[in-house]
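*Asks:* Below are the C-alpha cells for one structure; questions will follow.
The values are calculated or read from the model by the stated rules, or taken from the named source; none is laboratory data. Keep in mind that this is a model prediction, so the values were computed, not measured. Positions of Cβ are generated from backbone atoms using ideal geometry, with glycine treated the same way; all protein chains shown enter the neighbour counts.
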Amino acid sequence: MSGEVRKTWLSIIVLFFCLSYPCLADNIYYYVDEEGVWHFTNIKTSPRYRLYLRSFHKKAAQYIKDYSEIIEKAAKRYSIEPALIKAIIKAESNFDSTAVSCDGAKGLMQLMPSTAKQMNVSDPLDPEENIFGGVRYLRILLNEFKDIYLAIAAYNAGPSAVRYYHGVPPFPETRRFLKMVLKFYREYKSRHRR
C-alpha cells in the first residue's frame, strides 16, 4: 500500500472514530517515525507531533459549567474569588484540560512540573488536581505579595522575577497576561452579579 493511500485510510479511520465518539473529540496529533510508523495522540507531548485533526471543542461557557463545582470548592478552600480562578484558567489554557505548552506547563492552570510537584499535583492533566494545585499556588502568591496585580504577574513570570523588579516585571508576555486576566476577571465578576 502506498504512503498516500495509507494516509487517506488513516484519515478516514480517525475521522470515523472522532465522529462516532464526540465526547472524545480532542485535537488529534501525529508523527511518523524513522521506520514509517504513524503515531497518534490527543495530547501533544512533543514538538514532533503535528496537528492531524482539529477537535469540535465546546464553548468556554460549557467548560466553565463543567468545572464550576471544582472551581467553587477550590475558591472556598483557598478564599479566592471564583471569577479570578476562571480568569486565570481562561488566559492560561482557554479551559483546555489537555493543554501542554512548549515549556512543559500542563492543564487548565498551566502548571509547570516543578510547581505541580510543590503543590502535590501528581496528574496535572486531571482537571480537579490541576485546579486545586493552581489555586493553592495562587493563594501562596497572594499571601506573599498582598496585591492581586503582583500575584497574577508572579503566576506568569515567577515570584523571583516580581521580587527582583519590585513590581510587575517588564516582560511583554507577563504584561499581556496580566492585562488579559484582569479583563476576564472583570467579565466573570460582572456576570456573577447579574
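*Asks:* Residue under question is Asn156, and the condition is that it be loosely packed, with under 14 Cβ neighbours inside 10 Å and either part of a loop (DSSP other than H, G, I, E, B) or assigned by TED's automatic domain parsing to the domain that holds Leu108 (or both); does it hold?
*Replies:* Working: loosely packed, with under 14 Cβ neighbours inside 10 Å: no; either part of a loop (DSSP other than H, G, I, E, B) or assigned by TED's automatic domain parsing to the domain that holds Leu108 (or both): yes.
So Asn156 fails the test.
*Asks:* Would the stretch 93-105 turn up any residue that is in contact with a helix residue (DSSP H, G or I) (Cβ under 7 Å, 6 or more places away or on another chain), outside any loop (DSSP other than H, G, I, E, B) and crowded, with 16+ Cβ neighbours inside 10 Å? Even if it seems obvious, please write down each step before you answer.
*Replies:* The initial filter retains those residues of the stretch 93-105 that are in contact with a helix residue (DSSP H, G or I) (Cβ under 7 Å, 6 or more places away or on another chain), namely 94-95, 97, 99, 104.
Applying the additional criterion that residues be outside any loop (DSSP other than H, G, I, E, B) yields none.
Within the stretch 93-105 (the criterion being in contact with a helix residue (DSSP H, G or I) (Cβ under 7 Å, 6 or more places away or on another chain), outside any loop (DSSP other than H, G, I, E, B) and crowded, with 16+ Cβ neighbours inside 10 Å), the answer is no, since none of the residues qualifies.
*Asks:* In the stretch 131-149, is there at least one residue being modelled with pLDDT under 95 and part of a loop (DSSP other than H, G, I, E, B)? Steps first, please.
*Replies:* Residues of the stretch 131-149 that are modelled with pLDDT under 95, as a first pass: none.
No; the residues of the stretch 131-149 include none that is modelled with pLDDT under 95 and part of a loop (DSSP other than H, G, I, E, B).
*Asks:* Step by step: first the residues of the stretch 106-130, then only those that are charged (D, E, K, R) and assigned to a loop (DSSP other than H, G, I, E, B), then the one that is nearest to the chain's Cα centre (by Cα). Which residue is that? Quick ask: steps written out before the conclusion?
*Replies:* In the first step, residues of the stretch 106-130 are kept if they are charged (D, E, K, R); the result is 106, 117, 123, 126, 128-129.
From the residues that got through so far, the ones that are assigned to a loop (DSSP other than H, G, I, E, B) too are 123, 126.
Numbers: Asp123: 13, Asp126: 11 Å.
Per the criteria, the residue is Asp126.
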